[in-house]
Amino acid sequence: MALSLPPALLGGVSLAMASCLALAQSTQAPQPQGAQSQGPATTQAVPAPAQPALAEIPALQATAPGPDAPDPSLSPECRVPGSKLYTLAKLKAVKKALREHRAVQVLTIGSNSGGIGTAATYPVRLEDALTRSLPDIEVTVESRGVSGEIAFGAAERLRNQVAEIEPDLVVWQVGGNDALARVDIDEFSQSLAETVAWIKSHGIDVVLVDPQYTASLAKDDYYRQFVQAIQKVAEREQVPLVQRYEAMRYLATRAISALKGDTAQAGAGFRLADLGYRCMAEHVTRAITVSLLQPDIAAPAAPAPAH
(Lines give C-alpha, C1' and ligand atoms only; values in the text may rest on other atoms or scores of the structure.)
Protein backbone atom coordinates (compact mmCIF):
# COMPACT_ATOMS: atom_id res chain seq x y z
CA MET A 1 0.00 0.00 0.00
CA ALA A 2 1.69 3.20 -1.18
CA LEU A 3 1.08 6.41 0.70
CA SER A 4 2.62 9.81 -0.06
CA LEU A 5 4.96 11.29 2.47
CA PRO A 6 3.42 14.13 4.45
CA PRO A 7 4.98 17.61 4.09
CA ALA A 8 6.41 17.52 7.62
CA LEU A 9 8.22 14.28 6.85
CA LEU A 10 9.53 15.60 3.52
CA GLY A 11 10.91 18.58 5.43
CA GLY A 12 12.75 16.23 7.77
CA VAL A 13 14.26 14.32 4.85
CA SER A 14 15.35 17.56 3.13
CA LEU A 15 17.02 18.79 6.30
CA ALA A 16 18.91 15.54 6.70
CA MET A 17 20.16 15.70 3.07
CA ALA A 18 21.25 19.34 3.48
CA SER A 19 23.16 18.46 6.64
CA CYS A 20 25.00 15.63 4.91
CA LEU A 21 25.99 17.91 1.96
CA ALA A 22 27.28 20.60 4.31
CA LEU A 23 29.35 18.04 6.19
CA ALA A 24 30.79 16.61 2.98
CA GLN A 25 31.86 20.05 1.72
CA SER A 26 33.60 20.88 4.99
CA THR A 27 35.67 17.66 4.87
CA GLN A 28 36.58 17.96 1.17
CA ALA A 29 38.07 21.46 1.44
CA PRO A 30 40.62 21.50 4.30
CA GLN A 31 42.72 24.65 4.94
CA PRO A 32 46.32 24.33 3.60
CA GLN A 33 48.99 23.78 6.24
CA GLY A 34 51.06 26.86 7.08
CA ALA A 35 48.45 29.30 5.91
CA GLN A 36 48.30 32.31 8.19
CA SER A 37 45.09 33.19 9.87
CA GLN A 38 43.51 36.40 8.63
CA GLY A 39 41.60 37.00 11.82
CA PRO A 40 40.14 35.31 14.84
CA ALA A 41 39.61 31.65 14.26
CA THR A 42 36.00 30.84 13.58
CA THR A 43 34.27 27.52 13.41
CA GLN A 44 31.41 27.16 11.01
CA ALA A 45 28.60 25.32 12.72
CA VAL A 46 27.44 22.30 10.82
CA PRO A 47 23.78 21.53 11.43
CA ALA A 48 23.30 18.32 13.37
CA PRO A 49 21.92 15.54 11.20
CA ALA A 50 18.19 15.23 11.53
CA GLN A 51 16.72 12.25 13.30
CA PRO A 52 16.11 9.33 10.94
CA ALA A 53 12.80 9.85 9.27
CA LEU A 54 10.16 7.52 10.63
CA ALA A 55 7.93 5.65 8.26
CA GLU A 56 4.87 7.72 7.62
CA ILE A 57 1.79 7.09 9.70
CA PRO A 58 -1.56 7.05 7.90
CA ALA A 59 -3.48 10.20 8.72
CA LEU A 60 -5.64 9.75 11.78
CA GLN A 61 -9.21 10.92 11.56
CA ALA A 62 -8.80 12.73 14.86
CA THR A 63 -7.93 16.07 16.35
CA ALA A 64 -7.47 16.73 20.03
CA PRO A 65 -10.71 18.39 21.24
CA GLY A 66 -11.13 20.89 24.02
CA PRO A 67 -11.51 19.20 27.41
CA ASP A 68 -14.76 20.80 28.52
CA ALA A 69 -16.99 21.01 25.44
CA PRO A 70 -18.83 17.91 24.17
CA ASP A 71 -16.66 16.20 21.56
CA PRO A 72 -18.18 17.01 18.13
CA SER A 73 -16.55 13.98 16.50
CA LEU A 74 -18.94 11.68 18.41
CA SER A 75 -22.53 10.92 17.48
CA PRO A 76 -24.89 13.55 18.95
CA GLU A 77 -26.37 11.07 21.43
CA CYS A 78 -22.88 10.01 22.60
CA ARG A 79 -21.19 13.39 22.90
CA VAL A 80 -19.25 13.82 26.12
CA PRO A 81 -16.51 16.33 27.01
CA GLY A 82 -13.03 14.87 26.80
CA SER A 83 -12.43 15.62 30.50
CA LYS A 84 -15.26 13.21 31.37
CA LEU A 85 -14.46 10.62 28.73
CA TYR A 86 -10.80 9.63 28.90
CA THR A 87 -7.32 10.09 30.27
CA LEU A 88 -4.57 9.74 27.68
CA ALA A 89 -1.24 7.93 27.40
CA LYS A 90 1.04 6.76 24.59
CA LEU A 91 0.15 3.70 22.53
CA LYS A 92 3.56 2.66 21.21
CA ALA A 93 2.61 -0.77 19.84
CA VAL A 94 -0.37 0.51 17.85
CA LYS A 95 1.65 3.41 16.50
CA LYS A 96 4.40 0.97 15.46
CA ALA A 97 1.85 -1.12 13.55
CA LEU A 98 0.62 1.99 11.75
CA ARG A 99 4.15 2.96 10.77
CA GLU A 100 4.73 -0.52 9.40
CA HIS A 101 1.44 -0.38 7.48
CA ARG A 102 0.25 -3.69 8.87
CA ALA A 103 -3.03 -4.81 10.36
CA VAL A 104 -3.79 -3.78 13.95
CA GLN A 105 -4.88 -6.67 16.16
CA VAL A 106 -7.13 -5.74 19.08
CA LEU A 107 -8.15 -8.09 21.90
CA THR A 108 -11.16 -7.10 24.03
CA ILE A 109 -11.68 -8.72 27.40
CA GLY A 110 -14.09 -8.16 30.28
CA SER A 111 -17.63 -9.32 30.98
CA ASN A 112 -19.21 -6.75 28.64
CA SER A 113 -16.98 -7.53 25.66
CA GLY A 114 -19.50 -10.05 24.37
CA GLY A 115 -22.93 -11.34 25.24
CA ILE A 116 -26.45 -11.01 23.93
CA GLY A 117 -28.46 -8.16 22.48
CA THR A 118 -26.83 -4.75 22.24
CA ALA A 119 -23.81 -5.83 24.26
CA ALA A 120 -22.98 -8.45 21.63
CA THR A 121 -22.63 -5.77 18.94
CA TYR A 122 -19.91 -3.87 20.83
CA PRO A 123 -16.89 -5.68 19.29
CA VAL A 124 -18.37 -5.25 15.81
CA ARG A 125 -19.06 -1.57 16.44
CA LEU A 126 -15.55 -1.11 17.84
CA GLU A 127 -13.92 -2.71 14.81
CA ASP A 128 -16.01 -0.57 12.48
CA ALA A 129 -15.28 2.65 14.40
CA LEU A 130 -11.53 1.94 14.52
CA THR A 131 -11.47 1.12 10.81
CA ARG A 132 -13.08 4.49 10.03
CA SER A 133 -10.62 6.31 12.28
CA LEU A 134 -7.55 4.52 10.87
CA PRO A 135 -8.04 4.76 7.10
CA ASP A 136 -6.18 2.32 4.85
CA ILE A 137 -5.32 0.13 7.84
CA GLU A 138 -6.96 -3.21 8.51
CA VAL A 139 -8.25 -3.52 12.08
CA THR A 140 -9.29 -6.85 13.58
CA VAL A 141 -11.09 -6.99 16.94
CA GLU A 142 -11.12 -10.33 18.73
CA SER A 143 -13.58 -10.52 21.64
CA ARG A 144 -12.85 -12.91 24.51
CA GLY A 145 -15.17 -11.58 27.20
CA VAL A 146 -16.62 -13.91 29.84
CA SER A 147 -19.83 -12.95 31.63
CA GLY A 148 -19.38 -12.33 35.34
CA GLU A 149 -15.60 -12.67 35.26
CA ILE A 150 -13.50 -10.81 37.83
CA ALA A 151 -10.06 -9.29 37.18
CA PHE A 152 -8.05 -12.17 38.67
CA GLY A 153 -9.78 -14.75 36.46
CA ALA A 154 -9.28 -12.60 33.36
CA ALA A 155 -5.59 -12.24 34.20
CA GLU A 156 -5.16 -16.01 34.27
CA ARG A 157 -6.83 -16.48 30.88
CA LEU A 158 -5.13 -13.50 29.32
CA ARG A 159 -1.69 -15.04 29.25
CA ASN A 160 -2.84 -17.83 26.94
CA GLN A 161 -4.90 -15.47 24.79
CA VAL A 162 -2.00 -13.11 24.24
CA ALA A 163 0.16 -16.00 23.04
CA GLU A 164 -2.62 -17.16 20.70
CA ILE A 165 -3.75 -13.83 19.22
CA GLU A 166 -0.56 -11.74 19.50
CA PRO A 167 -2.49 -8.47 19.77
CA ASP A 168 -1.09 -4.97 19.43
CA LEU A 169 -3.70 -3.67 21.87
CA VAL A 170 -5.75 -5.08 24.74
CA VAL A 171 -8.97 -3.22 25.66
CA TRP A 172 -9.97 -4.33 29.14
CA GLN A 173 -13.36 -3.52 30.68
CA VAL A 174 -12.80 -4.19 34.34
CA GLY A 175 -14.00 -3.61 37.86
CA GLY A 176 -17.78 -3.90 37.73
CA ASN A 177 -18.02 -7.58 38.62
CA ASP A 178 -15.28 -7.24 41.21
CA ALA A 179 -17.19 -4.45 42.94
CA LEU A 180 -20.47 -6.37 42.93
CA ALA A 181 -18.69 -9.50 44.23
CA ARG A 182 -17.11 -7.41 47.00
CA VAL A 183 -13.58 -8.41 46.04
CA ASP A 184 -10.98 -6.82 48.31
CA ILE A 185 -10.04 -3.50 46.69
CA ASP A 186 -6.32 -3.75 47.47
CA GLU A 187 -6.12 -7.26 46.03
CA PHE A 188 -8.03 -6.11 42.96
CA SER A 189 -5.72 -3.14 42.42
CA GLN A 190 -2.61 -5.29 42.79
CA SER A 191 -3.90 -7.94 40.38
CA LEU A 192 -4.91 -5.32 37.83
CA ALA A 193 -1.61 -3.44 38.04
CA GLU A 194 0.47 -6.62 37.78
CA THR A 195 -1.48 -7.84 34.74
CA VAL A 196 -1.25 -4.47 32.97
CA ALA A 197 2.49 -4.40 33.63
CA TRP A 198 2.82 -7.96 32.29
CA ILE A 199 0.95 -7.05 29.09
CA LYS A 200 3.12 -3.98 28.55
CA SER A 201 6.30 -5.99 29.18
CA HIS A 202 5.42 -8.02 26.07
CA GLY A 203 5.26 -4.91 23.87
CA ILE A 204 1.45 -4.74 23.87
CA ASP A 205 -0.60 -1.62 24.55
CA VAL A 206 -3.44 -1.55 27.08
CA VAL A 207 -6.57 0.60 27.32
CA LEU A 208 -8.64 0.23 30.49
CA VAL A 209 -12.40 0.83 30.63
CA ASP A 210 -13.90 1.42 34.06
CA PRO A 211 -17.38 0.18 35.15
CA GLN A 212 -20.69 1.49 33.89
CA TYR A 213 -22.87 3.99 35.72
CA THR A 214 -26.43 3.59 36.92
CA ALA A 215 -28.31 5.70 39.46
CA SER A 216 -28.51 2.79 41.90
CA LEU A 217 -24.82 1.87 41.59
CA ALA A 218 -23.87 5.50 42.12
CA LYS A 219 -25.22 5.15 45.67
CA ASP A 220 -22.85 2.24 46.37
CA ASP A 221 -19.70 3.67 47.95
CA TYR A 222 -17.79 0.40 47.48
CA TYR A 223 -18.59 0.45 43.76
CA ARG A 224 -17.32 4.02 43.44
CA GLN A 225 -14.09 3.06 45.19
CA PHE A 226 -13.40 0.55 42.41
CA VAL A 227 -13.86 3.28 39.82
CA GLN A 228 -11.27 5.36 41.67
CA ALA A 229 -8.92 2.38 42.05
CA ILE A 230 -8.90 1.78 38.29
CA GLN A 231 -8.12 5.44 37.67
CA LYS A 232 -5.11 5.18 39.98
CA VAL A 233 -3.81 2.04 38.26
CA ALA A 234 -4.19 3.64 34.81
CA GLU A 235 -2.28 6.70 35.97
CA ARG A 236 0.46 4.70 37.67
CA GLU A 237 0.92 2.29 34.75
CA GLN A 238 0.59 5.10 32.19
CA VAL A 239 -2.16 3.56 30.08
CA PRO A 240 -5.21 5.29 28.59
CA LEU A 241 -8.45 5.03 30.54
CA VAL A 242 -11.97 5.25 29.12
CA GLN A 243 -14.03 6.82 31.91
CA ARG A 244 -17.20 4.91 31.17
CA TYR A 245 -18.69 5.67 34.58
CA GLU A 246 -18.28 9.44 34.18
CA ALA A 247 -19.38 9.39 30.54
CA MET A 248 -22.59 7.50 31.29
CA ARG A 249 -23.33 9.73 34.28
CA TYR A 250 -22.96 12.76 32.01
CA LEU A 251 -25.28 11.24 29.40
CA ALA A 252 -27.82 10.27 32.08
CA THR A 253 -27.86 13.75 33.57
CA ARG A 254 -28.30 15.32 30.16
CA ALA A 255 -31.10 12.92 29.21
CA ILE A 256 -33.00 13.32 32.47
CA SER A 257 -32.77 17.09 32.33
CA ALA A 258 -34.52 16.94 28.95
CA LEU A 259 -37.37 14.80 30.25
CA LYS A 260 -40.35 15.57 32.46
CA GLY A 261 -42.41 13.32 34.67
CA ASP A 262 -41.56 10.25 36.73
CA THR A 263 -42.55 7.83 33.97
CA ALA A 264 -40.20 9.42 31.47
CA GLN A 265 -37.33 9.46 33.95
CA ALA A 266 -37.84 5.77 34.75
CA GLY A 267 -37.69 5.03 31.03
CA ALA A 268 -34.46 7.01 30.75
CA GLY A 269 -32.71 4.54 33.02
CA PHE A 270 -33.56 1.64 30.70
CA ARG A 271 -32.47 3.54 27.64
CA LEU A 272 -29.22 4.53 29.33
CA ALA A 273 -28.03 0.92 29.52
CA ASP A 274 -28.68 0.45 25.80
CA LEU A 275 -27.12 3.81 24.98
CA GLY A 276 -24.06 2.97 27.08
CA TYR A 277 -23.30 -0.08 24.94
CA ARG A 278 -23.93 1.73 21.68
CA CYS A 279 -21.72 4.67 22.66
CA MET A 280 -18.95 2.60 24.22
CA ALA A 281 -17.41 1.66 20.87
CA GLU A 282 -17.24 5.33 19.92
CA HIS A 283 -15.82 6.30 23.30
CA VAL A 284 -13.13 3.60 23.24
CA THR A 285 -12.19 4.51 19.66
CA ARG A 286 -11.94 8.18 20.58
CA ALA A 287 -9.63 7.44 23.50
CA ILE A 288 -7.41 5.33 21.22
CA THR A 289 -7.18 7.83 18.36
CA VAL A 290 -6.53 10.84 20.59
CA SER A 291 -3.91 8.85 22.54
CA LEU A 292 -2.18 8.14 19.21
CA LEU A 293 -1.73 11.90 18.83
CA GLN A 294 0.50 11.94 21.92
CA PRO A 295 4.10 12.82 20.95
CA ASP A 296 6.71 10.08 21.03
CA ILE A 297 9.27 12.28 22.75
CA ALA A 298 8.53 14.69 25.56
CA ALA A 299 9.12 18.35 24.80
CA PRO A 300 12.55 19.57 25.98
CA ALA A 301 12.62 21.44 29.25
CA ALA A 302 12.89 25.21 29.04
CA PRO A 303 16.45 26.52 29.62
CA ALA A 304 17.21 27.86 33.08
CA PRO A 305 17.15 31.66 33.28
CA ALA A 306 20.57 33.34 33.10
CA HIS A 307 21.90 34.78 36.34
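The values are calculated or read from the model by the stated rules, or taken from the named source; none is laboratory data. Since the model is a prediction, treat every value here as computed from it, not as a measurement. Glycine gets a Cβ as well: all are built from the backbone with ideal geometry, and neighbour counts include every protein chain shown. Accessible surface is based on the protein model in full, side chains and every heavy atom, while ligands, DNA and RNA are left aside. Shrake-Rupley method; radii C 1.70, N 1.55, O 1.52, S 1.80 Å.
Give me the percent of accessible area attributable to carbon and sulfur for segment 135-233, probe 1.4 angstrom. Write out the running numbers ahead of the final one.
Numbers: 2070 of 4450 Å².
Its accessible area is 47 percent carbon and sulfur atoms.
For segment 82-91, in order, what is each residue's ³J(HN,Hα) by Karplus, 6.51 cos²θ - 1.76 cosθ + 1.60 with θ = phi - 60°, in whole Hz (x at glycine and Pro)?
x, 5, 10, 10, 7, 10, 10, 7, 6, 10
What residues have an amide H closer than 5 Å to that of Val139, excluding those fewer than 5 places away on the same chain, when H is modeled at 1.01 Å from N in the peptide plane?
The list, which skips near neighbours in sequence, is Val104.
For Lys219, list the lysines whose Cα falls under 27 Å from its own Cα; do not include residues on the same chain fewer than 8 positions away.
Output for Lys219: Lys84, Lys232, Lys260.
If I model a spin label as a point 7 Å beyond the Cα along the Cα-Cβ vector, how far apart are those points for Ser147 and Ile256 in nm?
Inter-label distance under the simple model: 2.8 nm.
Can you list residues from other chains, or at least 5 along the same chain, whose modelled amide H is less than 5 Å from the amide H of Ser73?
Placed amide hydrogens put nothing under 5 Å from Ser73.
Using alpha-carbon pairs under 8 Å, 6+ residues apart, how would you state the relative contact order of segment 109-214 in percent?
Working: 118 pairs, mean separation 32.1, N = 106.
With pairs under 8 Å counted, the relative contact order is 30 percent.
Step through the residues of segment 127-144 one at a time and calculate ³J(HN,Hα) from phi using the Karplus curve (6.51 cos²θ - 1.76 cosθ + 1.60, θ = phi - 60°), rounding each to whole Hz and writing x for Gly and Pro.
Whole-Hz 3J(HN,Hα) from phi for segment 127-144: 4, 5, 5, 5, 4, 5, 7, 10, x, 6, 10, 6, 10, 10, 10, 10, 9, 10.
Under the rule of at least 5 residues apart or a separate chain, name every residue whose amide H is placed under 5 Å from the amide H of Val206.
Val170
If I take every Cα pair under 8 Å that is 6 or more residues apart in segment 82-292, average their sequence separation and divide by the length, what percent do I get for the relative contact order?
Values: 339 pairs, mean separation 62.5, N = 211.
Once divided by the residue count of segment 82-292, the mean separation gives 30 percent.
Work out from phi, with θ = phi - 60° and the Karplus expression 6.51 cos²θ - 1.76 cosθ + 1.60, the ³J(HN,Hα) of each residue of segment 174-190, listed in order in whole Hz, and give x for Gly and Pro.
Per residue, the Karplus-derived 3J(HN,Hα) values read 8, x, x, 5, 4, 5, 5, 7, 6, 5, 4, 5, 5, 5, 4, 4, 5 Hz.
Taking 37 °C and 0.692 mPa s as the conditions, I'd like the Stokes-Einstein D for segment 82-292 in µm²/s, using the Kirkwood hydrodynamic radius from alpha carbon pairs. Display every interim value, and only then the final one.
Working: Rh = 17.4 Å.
Using the Kirkwood radius from Cα pairs, D works out to 189 µm²/s.
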